[in-house]
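The values are calculated or read from the model by the stated rules, or taken from the named source; none is laboratory data. Just so you know, these numbers come straight off a predicted model, no measurement behind them. Every residue, glycine among them, receives a Cβ derived from its backbone with ideal geometry; neighbour counts consider all protein chains shown.
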Amino acid sequence: MQRGGLKALVGLVALMLVAGACGKAKTSEQGQKSKKPLLIGASLPLTGDFSEPGSAAKQGYEVWRDMVNKAGGLLGRPVKLVIRDDASDQNTIVSDYNRLISQDKVDLLLGSFSSLLNIPASAVAERNQKVYICPACGSPDMFSRGFHFLFFAQPARAVHQADLFSEWVVSLPADQRPKTAAYPAQDDPFAAPVIDGIKEKLEAAGIKTVYAKVYPPDTTNLDPIASAIKSSGAQLVAQGSVFEDGVALVRSLIKVGYNPKTMFQTTAPSLGAQYANGVGSGNTEGIFYAVSWSPEADYPVNKDFVQNYIAKFGGQVSEIPEDAADGFAAAQVLQAAVKGVGSLDQKALADWIHSHTVNTILGPLSWDETGAPQQAFILAQWQGGKSQIVAPKAVATSAQIVFPKPNWQG
Amino acid sequence: MSAGRVNGLLRWALLLAALAVLVAFPLARKEDAYHQTVLFLIFLFAVMSGGWNIISGFTGYVSLGQSAFLGIGAYTVALVALQVHVSPLFLVPLGGLAAAASAAVLGAVVMRTRGHSFVIITIAFLFLMQTVALNWRSVTHGSNGITLPLPRWNSDLGNMPFYYVMLGLMVLSVALSAWIRRTKFGMGLIAIREDEDKAAVIGVRTSVYKVLAFVASAVLIGVAGGVYGYFLTFIDPRGMFDILMSVQIVLAALLGGRGTIWGPVLGAFLLVPMNEITNNYFGTSPGERLFVFGLLLGAVVLFLPRGVIPTIRGWIDRFREAKRPAPTPRPSASAAPRTAGPGAAPDLEEGAPLLEIDGLIKRFGGVVAVDQCSLFVRRGSITGLIGPNGSGKTTLFNLVSGMSRADRGTVRLDSRSIDRAPAWHRAYLGIGRTFQITRLFKQMSVLENVVAPLGRFAWAQLGADAVSGPEARRAQELLDFVGMLPLADQPAGQLSFGQQKLVELAQVLMLEPQLILLDEPAGGINPALIQRITDLIRELNQQGVTFVVVEHNMPLVLSLCDPILVLARGRCIAQGSAETIQGDRAVLDAYLGEGWSRVEERLEV
Amino acid sequence: MTRQLIQTVALGLLAGGVYALMASGLTLIFGVMNIVNVAQGAFLILSALFTYELWTRLGLDPILSIAVTTPAMFLLGWVVYRLFVARIRHAPASMSVLLTFALAITLEGAMGLVWKNVYRSVTPRYFASSFQAGSLFFPRAQVFAFLTAIVVLAILYVLLTRTWTGRAIRASSANPQGAQLVGVSIGSVAAMTFAVGVATAGAGGSLLSILYTFFPASHYQWISRLLGIVVLGGMGSLPGAVIGALMLGVAETVTATYISIRWAVVVFYLVILVVLLIRPQGLMGVRLREDVAL
């Protein structure tokens, strides 16, 4: 009764192995020409849950490739990107990176988007002892595995993203400093850790936590939270938001009539006109946020990046996705290492990155021995209906900081 | 048969060759991490699909939440490994244990539910596990997930340990399926799938079987979860409790052939490469992968519900067998085999009541099907049970055999109340029952149908061969007795109605019942066969079997049965010999309507 | 303390009313056709997306758009039934669930293709304000949605009790053979029921769009909620669905307020498991056939 099944099965297995052998044969014709392109491989979520940031990262890589090739390539060779789509799926990204390494035989790797994908993918890279630089892998557990070849190309891990904000709060004179704080956060691996980081630093400085709750991602109605914050009387509100919930909390606070002395939100305020329209432009005044990159920051190559991006993809400067800039920066780090070492020796590259600081469009980046970055995100604040960089001083676009936060305009 | 032996050896040779190729592959192609990864995923899907197949293919309870066990296994192994600092690969059996335990606990709910409720339970369970993993942050790190350190073996080995462990699991999974299929346990599961109530009535302890099947379906998936988590070095709620993975393993099993042994493996070999190919060569846009899966699943369910391979094989088989004529039943020349159980010895208290029904009431919504019915059946009699349509005869049979539970009243067998006994227990106590419209297990052969009934429940019995020597012989004797032996290997669904009735009778006799309830044994069959059945009944009765016969064929009832009980509107309105019943006014009223007896009176005058 | 309790219960009832509308279709379809329509959640999201389109392109208020989405979804339900579901009406329960599940993920895929995986919600002007009653506040959107749900459920009730079609549906639910004997065409009634069931998802989805953020994969959490409601109320019982919805709406908000917001959704899953363990027919389900093994 199972005869047919077994025979069909055996036939299939045989077919697959033959197909596999053919597949390998195709890529084994390798010439030794020195102008042979330098293959850089990455698997990105171009489809699925993370498709938006994934596509933005791809844009960043592509702008970088164009700029590098215009300047003569890397090690004198033209750069060619081999980008696969992992469809935001863990199994696919693992087989993609295996494929890039063993089938496509790429020379260098670049990382993917989202810690959920980067964690398994970086394990593949580490097993194969290949440098893995990711533009978006700030999750706390990313760097606890003792990897040597892994690097995160942003100024700080999630927990340290808001360090400049925390430092500013602590630096305030004691009579002006907020005494109590509320920490509402969405249950999101990118938002919640940032707030945890702020909470840790501020508690250590003696600021009392009067509200700390995590809410599910689909929460639309933040009235109960605003109401609870009002009851707590918190003078500082730091929210781990994504977008809708950031806008919603502001509107809810207006509804219940509560204005904290100062307020910080993740991500939402960085979305420019979308945010201003959502909360009402009069209500943005004084709200802080942190970003890894700003088009206004006067870091080397940043203006070129902005120009090249607009030329290739169009749109407004304020609409350039942060993820594209992060992707560009990751490629910059790779480029600097290859130039610095002068070869494609992965171990040498890893050692070089560990011991050097690289100037990128996100600012100078350097890493500890686990591959975690040691800088801080840019601290920005809405002032007069516009976003202004207020820290670090080197790239600040506004010398003043709005504090205390003026009342809502309604 | 030597052709069969050769075929059998050929299959083994093919099997070993395929296995050898798979074992040798990573050794021959050490550098090929990509294909090793793809094969690893194929093996994983085969194991998961194989597990699904046990509860959904064999037992017929469709689960959409099997990947919950993958996650349970993965989290368990990872958490323990991080505590005790042992390589997770040594701890993977713990994953299986955790999965089996959760399946056993969930089994309490599973035991009492039927098809559509079961699916809902599995979906709820999967989402519940995902939510727990997301929110129990102190243990599971919530949405950040758990990271495991890289494997510490020599990097020359690459992914080979994962590959071989998963290959081993796949082999185990196939072996488990094959073993189950061969045993009484497997036969019971298939009986449950085909007709759960009937299975209970012939002695299959359905509640226990279902839970066991569920546990068996979960255990290997749990082990695979432990390996998979380590392979990814990352375990998070989103990836580990993924409903899409559940859908994919269902699709794999359906493609390869649901309810077969190799189907899940074949399906995995089809599905995973298909995934890879579409991903690499066609490139998908958001939602396209889901869309294609949905369409594929829908198409398979609508057009090829048994699976691609079995359907194609079915077409081929049917084409081949179109010309062979069906054999006709021959009456047996041999003496009737031993059929009566110990409680039915002819001289033991003949005439005393074997079955007593006291004040039985059964309501369906507003309808009272059985209304304060009280009657008794004498041991050793062939008692007829007649009455107009809707008088409650079949309901009464259901209540006695245990397929329905009465609202009030008692049923006593041999002076002992059996009200609390479930259907399968009543089968063990010696009640057998046939159905108005035969209920055989259509996918099983005639012989398998007759062997299926179980006289008792024993854990050891589960592992016994489905069709063993002595049982097969007895079944063949019974089939010979009813004249159906030539058809022993045919699928029961292909028999004619009359043939099925005879097989059902043989099936009932397998349990050596002391009381047989026959529901319209002569309904819908030709007169020659009716005579045959009547002779069989008489012969069995002489050996001490008590019969209750529901019939509409009056000549048959009047000639065969004594006494005759008349049921109308849910209660017994008359009883006695054939003559008594024929003249009873109440009986005539019930059958013909109240005006009749008055008309008759006037005519007599 | 009591103020918070009253507030919580009130919010729960408001949510429950809308849940009742969403669950009515599911229980109706099961009652007549013995099919668990796992795609009901996907239909809800589809309707929510339609509503979103109507709102962004035409500025049509989402509650008013029910007049458009309900008939549109009715039509869709009818077509889906005739093309796909009709074929498996007589197949075992397991197959029908697989089919409706396939339908759900096909819809999810299609919605992802057209609308992308972006969180959306519809935000008319009243969405951010509340009615005040003493120290209690009732968000306007919730109140309007609740009232609308009541109205639509009332219309459904009238449909089922006063029209011939409605009575035919109820007859088929109670006794298919009997219904056939009195001249009810089971096939058309089944199509009608499915279409009505999906139409209620049309109305429910429009309300969903105001009250919750949604994206194509949200249908999983919605079908989980609806299954919990229908299991609690008794599969096939419309009054049961209403009562179950109100009870679970309150249970959800109480859990969110007093235990943790994150665990609130678990209430639905636990209800499913507990009810099926203890009292499989739910609160008001009638066991006409023995669907639980002894």
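Computed quantities for the displayed model
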| quantity | calculated |
| --- | --- |
| Scan of region B:129-170 for residues that are aliphatic (A, V, I, L, M), touching a Ser or Thr at 6+ places or on another chain (Cβ under 9 Å) and over 16 Å from residue A:125 (Cα atoms), ordered by number | B:129, B:132, B:133, B:134, B:146 |
| Test: residue in region B:494-510 that is in contact with a Pro (Cβ under 9 Å, 6 or more places away or on another chain), of a type in the set (Lys, Arg) and crowded, with 21+ Cβ neighbours inside 10 Å | yes |
| Complete set of residues in region B:351-367 that are within 14 Å of chain C (Cβ to nearest Cβ) and buried (at least 21 other Cβ atoms within 10 Å of the Cβ) | B:362 |
| In region B:112-139, the residues that are farther than 21 Å from residue C:98 by Cα and within 11 Å of chain C (Cβ to nearest Cβ) | B:112, B:129, B:130, B:131, B:132, B:134, B:135, B:136, B:137 |
| Residues (touching a strand residue (DSSP E or B) at 6+ places or on another chain (Cβ under 8 Å) and either surrounded by 14 or more Cβ atoms within 10 Å (Cβ to Cβ) or among the β-branched types (Val, Ile, Thr) (or both)) located in region A:332-348 | A:332, A:333, A:334, A:335, A:336, A:337, A:338, A:344 |
| Output for region C:39-60, where each listed residue is in contact with a Leu (Cβ under 9 Å, 6 or more places away or on another chain) and surrounded by fewer than 20 Cβ atoms within 10 Å (Cβ to Cβ) | C:60 |
| Residues (of a type in the set (A, V, I, L, M) and buried (at least 24 other Cβ atoms within 10 Å of the Cβ)) located in region B:61-99 | B:62, B:64, B:68, B:70, B:72, B:74, B:77, B:78, B:92, B:98, B:99 |
| So residue A:212, is it more than 14 Å from chain B (Cβ to nearest Cβ), assigned to a strand (DSSP E or B), among the aliphatic types (A, V, I, L, M) and in contact with a strand residue (DSSP E or B) (Cβ under 6 Å, 6 or more places away or on another chain) | no |
| Residue match in region C:256-264 (condition: within 14 Å of another protein chain (Cβ to nearest Cβ), under 30 Å from residue B:137 (Cβ atoms) and part of a loop (DSSP other than H, G, I, E, B)) | yes |
| When residues of region A:229-256 are limited to those that are without any contact (Cβ under 8 Å) to a residue 40 or more places away in the chain and more than 19 Å from residue A:276 (Cβ to Cβ), the one nearest to the other protein chains (Cβ to nearest Cβ) | A:256 |
| The one condition in (1) over 22 Å from residue C:45 (Cβ atoms); (2) touching a residue at least 60 places away in the same chain (Cβ under 8 Å); (3) buried (at least 19 other Cβ atoms within 10 Å of the Cβ) that residue C:282 fails to fulfil | (2) |
| Tally of residues being part of a strand (DSSP E or B), under 30 Å from the mean Cα position of the chain (by Cα) and either among the aromatic types (Phe, Trp, Tyr) or at pLDDT 90 or above (or both) across region B:363-407 | 1 |
| Failed condition for residue B:277, given (1) among the β-branched types (Val, Ile, Thr); (2) more than 9 Å from chain A (Cβ to nearest Cβ); (3) in contact with a helix residue (DSSP H, G or I) (Cβ under 9 Å, 6 or more places away or on another chain) | (3) |
| Close pairs (8 angstrom Cβ cut-off, 6 or more residues apart or separate chains): acidic (Asp, Glu) in region A:139-157, buried (at least 22 other Cβ atoms within 10 Å of the Cβ) and in a loop (DSSP other than H, G, I, E, B) anywhere | A:141/B:145 |
| Extreme residue, surrounded by the fewest Cβ atoms within 10 Å (Cβ to Cβ), among residues of region C:190-213 that are in contact with a Phe, Trp or Tyr (Cβ under 7 Å, 6 or more places away or on another chain) and under 18 Å from residue A:222 (Cα atoms) | C:213 |
| Region B:257-278 residues that are surrounded by fewer than 24 Cβ atoms within 10 Å (Cβ to Cβ), paired with ones that are acidic (Asp, Glu) and assigned to a loop (DSSP other than H, G, I, E, B) (beta carbon under 6 Å, 6 or more apart) | none |
| Flag if residue C:93 is of a type in the set (Gly, Ala, Ser) and surrounded by 24 or more Cβ atoms within 10 Å (Cβ to Cβ) | no |
| Verdict on residue A:260 being within 30 Å of residue A:226 (Cβ to Cβ) and assigned by TED's automatic domain parsing to the domain that holds residue A:74 | no |
| Residue within region B:127-145 that is surrounded by 22 or more Cβ atoms within 10 Å (Cβ to Cβ) and outside any helix (DSSP H, G or I) present | yes |
| Strands (runs of 3 or more DSSP E) completely within region A:317-410 that count 1 or more residues being in contact with a Lys or Arg (Cβ under 7 Å, 6 or more places away or on another chain) and farther than 30 Å from residue A:51 by Cα | none |
| Residue within region A:89-97 that is crowded, with 21+ Cβ neighbours inside 10 Å, closer than 30 Å to residue A:382 by Cα and not hydrophobic (A, V, I, L, M, F, W, C) present | no |
| Yes/no for residue A:127 being over 21 Å from the mean Cα position of the chain (by Cα) and either surrounded by 20 or more Cβ atoms within 10 Å (Cβ to Cβ) or at the interface with chain B (Cβ under 9 Å from one of its Cβ atoms) (or both) | yes |
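Residue by residue, here is whether (1) hydrophobic (A, V, I, L, M, F, W, C); (2) modelled with pLDDT of 90 or more holds:
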{"residue": "C:129", "(1), (2)": "no, no"}
{"residue": "C:132", "(1), (2)": "no, no"}
{"residue": "C:168", "(1), (2)": "yes, no"}
{"residue": "C:173", "(1), (2)": "no, no"}
{"residue": "C:178", "(1), (2)": "no, no"}
{"residue": "C:187", "(1), (2)": "no, no"}
{"residue": "C:190", "(1), (2)": "yes, no"}
{"residue": "C:193", "(1), (2)": "no, yes"}
{"residue": "C:205", "(1), (2)": "no, yes"}
